[in-house]
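The values are calculated or read from the model by the stated rules, or taken from the named source; none is laboratory data. Not measured: the values here are computed from a predicted model. Cβ placement follows ideal geometry from the backbone for every residue including glycine, while neighbour counts extend to all protein chains displayed. Just so you know, the surface numbers come from the protein's heavy atoms only, side chains and all, with ligands and any DNA or RNA stripped out. Shrake-Rupley method; radii C 1.70, N 1.55, O 1.52, S 1.80 Å.
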Amino acid sequence: SPGFERMTGYAAGEVVGRNCRFLQGPGTDPEAVTELREAIRHARACDVELLNYRKDGTPFWNGLSISPVRDDAGRLTHFVGVQTDVTKRRTLEDQFRQAQKMDAFGQLAGGVAHDFNNLMAGVLGNATLAREGLDADSPLHEMLAPIEDAAHHAASLCQQLLAFAGKGISSRGAIDVQHLVNESI
């Protein structure tokens with residue numbers, strides 16, 4: 001049919017009388033082919049989607065529906081097959097699944113980053129309090145500096161993950177906690 005010619009790139013003269021196996025290639029699912037062959041062997045209807053290949057080698061998803069046709073005595077005379085190019089639908093489905101995976105990853109990253117950020121806030125707070133409680137010339141004072149630096153770096157990474165997950169804080173800045181407490185009283 002003209003539709004088959006447009007879908008596959010083959011002219012009618014190239015395919016009449018041939019088995020459609022010539023459309024199959026390296027990405028064609030052998031299980032779907034087996035399902036189709038079994039349906040033909042047992043003279044039953046079948047619907048499959050196959051990755052097939054056009055004459056120029058480009059792949060396309062082929063929705064194939066076959067139905068047996070019988071004569072008045074119930075004998076199988078032939079099959080009617082309808083092929084549809086379902087490539088666009090399959091591509092959209094794949095894109096949707098990928099988007100769902102990315103969303104799930106973003107949710108996971110956001111949750112982990114949030115929890116880790118809370119843990120790092122405790123580390124940073126305690127390191128800062130410990131440094132403030134020491135004399136500036138205390139050897140422990142300088143030993144706490146790398147802990148604070150690492151906690152700041154970890155908090156920055158958490159903010160990046162939260163931003164990736166769509167849960168980031170849109171602006172950053174120093175907050176005067178004492179001022180906030182005084183205002184709330």
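Would you check if Leu124 is more than 30 Å from Thr8 (Cα to Cα) and in contact with a Lys or Arg (Cβ under 6 Å, 6 or more places away or on another chain)? So Leu124 does not fit the description; no.
Any residue in the stretch 148-168 that is farther than 29 Å from Met102 by Cβ, of a type in the set (D, E, K, R) and either at pLDDT 70 or above or in contact with a helix residue (DSSP H, G or I) (Cβ under 6 Å, 6 or more places away or on another chain) (or both)? The answer is yes; a qualifying residue exists. Considered as a group, the residues in the stretch 39-68 that are open to solvent by less than 60 Å² (accessible area, probe 1.4 Å), among the hydrophobic types (A, V, I, L, M, F, W, C) and out of contact with any helix residue (DSSP H, G or I) (no Cβ under 9 Å at 6 or more places or on another chain) include one that is farthest from Gly27 (Cα to Cα), and that residue is Ala43. Screening Leu124, Leu108, Leu144, Leu129 for residues that are loosely packed, with under 14 Cβ neighbours inside 10 Å and more than 25 Å from the chain's Cα centre (by Cα) leaves exactly one candidate, Leu129.
For first residues located in the stretch 107-124 and over 11 Å from Cys158 (Cα atoms), partners that are surrounded by 14 or more Cβ atoms within 10 Å (Cβ to Cβ) and modelled with pLDDT of 80 or more and lie 6+ apart or on another chain with Cβ distances below 6 Å form the pairs Val123/Ala151; Leu124/Ala151. The condition (being modelled with pLDDT of 95 or more, over 24 Å from Thr91 (Cβ atoms) and not basic (Lys, Arg)) is satisfied by just one residue among Ala11, Ala45: Ala45.
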